[in-house]
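Asker: My questions all concern the structure below.
The values are calculated or read from the model by the stated rules, or taken from the named source; none is laboratory data. Owing to the predicted nature of the structure, the values given are computational and were not obtained by experimental measurement. Quick reminder, even Gly has a Cβ in these numbers, built from the backbone with ideal geometry, and neighbours come from all protein chains shown.
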Amino acid sequence: MNKYDYEELLNRSIKSLPEKLTSRERFQIPHGVIFYEGNTTVLKNFADIAGDINRDEQHLLSYLLKELGTAGEAEGERAVFQGKIPEEKVQERIQDYVQRYVLCRECNRPDTKMIKKNRTLLLKCEACGAVHPVKARKTKRD
């Protein structure tokens, strides 16, 4: 009968796992797949992004349109914006949305839902129970 040290066995098991499974962070901010059709910018995986962050597609679309300063619409799985918008700008706005409307300010987890109390939009974390009002944007972006 062989005696093994628990820590030794645990470390050996962890080393044998693929790198993707050993990552500490379970939530990654979604990365948009962007391409251009004529004079329009297409966010190909728009519906997937909304699903990944567990938010209403219309709310996300309204935010992106306002922040990007353009017109556009959702077409099935994708969003189409008028004009050629730099990919970095779209990615930044998606990250801003996640920071503002998805991640909990206390525990930094994405397990939140938006609730409206009176006329105030609140973020309620289902992981730690924290409730915070959504921050109003004070600075104007380019």
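Asker: Restricting to segment 107-123, name every residue that is surrounded by fewer than 15 Cβ atoms within 10 Å (Cβ to Cβ) and of a type in the set (S, T, N, Q).
Answerer: Answer for segment 107-123, where residues must be surrounded by fewer than 15 Cβ atoms within 10 Å (Cβ to Cβ) and of a type in the set (S, T, N, Q): N108, N118, T120.
Asker: Please specify each residue of segment 88-106 satisfying the condition of being within 16 Å of N45 (Cβ to Cβ) and surrounded by 15 or more Cβ atoms within 10 Å (Cβ to Cβ). Break it down stepwise before answering.
Answerer: First pass over segment 88-106, keeping only residues within 16 Å of N45 (Cβ to Cβ): 90-91, 93-95, 97-98.
Of everything in segment 88-106, those that are within 16 Å of N45 (Cβ to Cβ) and surrounded by 15 or more Cβ atoms within 10 Å (Cβ to Cβ) turn out to be V90, Q91, R93, I94, Y97, V98.
Asker: Which of the strands (runs of 3 or more DSSP E) contained wholly in segment 42-122 include at least 2 residues that are within 14 Å of I29 (Cβ to Cβ) and at pLDDT 95 or above?
Answerer: none
Asker: Considering only residues that are among the aliphatic types (A, V, I, L, M) and under 13 Å from the mean Cα position of the chain (by Cα), which ones fall in segment 31-60? Quick ask: steps written out before the conclusion?
Answerer: Of all residues in segment 31-60, those among the aliphatic types (A, V, I, L, M) come to 33-34, 42-43, 47, 49-50, 53, 60.
Residues satisfying the conditions are A47, I49, A50, I53, L60.
Asker: To continue, here is another question. Which numbered condition in (1) in contact (Cβ under 8 Å) with a residue 12 or more places away in the chain; (2) over 10 Å from the mean Cα position of the chain (by Cα) is the only one that G69 fails?
Answerer: The failed condition is (1).
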